[in-house]
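Reviewing the structure listed below.
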Amino acid sequence: SGWAHRAVQSIMEANPVSIKVFFEAYRRAQSMDVLGALQQDFVTGFHLVNHGFFNEGVRARIIDRDGRPRWAQARLAEVSDAAVSQYFVAPEGGVVVTDDDGRDRLVKG
């Protein structure tokens, strides 16, 4: 159908690392409770943001509007399972986040 085709096209335009991390997170979440899935999302999101994928996507779509993001791995086949697994490891010592009230707190993975 048309919407399914558009959805697949949209996914395939995304960062190949992000695509593989998403599907691995989905697979792992099948055996987790809600808290476990949220913790996993926090850790993977932390890594994805810190690797600059979001910034490159914004550059390509909004800033330069060239629609041509320059991903380090341009194809799914270039992203190894070992590379994907690193996105599921909490940063050593945790992550400092700022609460809505402006207080910093340490979140451990």
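The values are calculated or read from the model by the stated rules, or taken from the named source; none is laboratory data. Computed from a predicted model, the values in this text were never measured in an experiment. With ideal geometry, Cβ positions are generated from the backbone for all residues, glycine too; neighbour counts draw on all protein chains shown. SASA here: full protein model, heavy atoms, side chains in, ligands and nucleic acids out. Shrake-Rupley method; radii C 1.70, N 1.55, O 1.52, S 1.80 Å.
So which residues in region 33-66 are more than 17 Å from the chain's Cα centre (by Cα) and open to solvent by 70 Å² or more (accessible area, probe 1.4 Å), if there are any at all?
Matches in region 33-66: ASP33, VAL34, LEU35, ARG61, ILE62, ILE63, ASP64, ARG65.
For VAL84, only one of the following conditions fails: (1) open to solvent by 40 Å² or more (accessible area, probe 1.4 Å); (2) modelled with pLDDT of 95 or more; (3) aliphatic (A, V, I, L, M). What is its number?
Here VAL84 clears every test but (1).
Can you tell me which residue is surrounded by the most Cβ atoms within 10 Å (Cβ to Cβ) among those in region 9-27 that are under 22 Å from ARG59 (Cα atoms) and free of Cβ contacts under 8 Å to residues at least 24 places away in the same chain?
Among those that are under 22 Å from ARG59 (Cα atoms) and free of Cβ contacts under 8 Å to residues at least 24 places away in the same chain, it is PHE22.
Give region 68-87 a look and list any residue that's of a type outside the set (S, T, N, Q), within 17 Å of GLY52 (Cα to Cα) and part of a helix (DSSP H, G or I), or say none.
Answer for region 68-87, where residues must be of a type outside the set (S, T, N, Q), within 17 Å of GLY52 (Cα to Cα) and part of a helix (DSSP H, G or I): ALA83, VAL84, TYR87.
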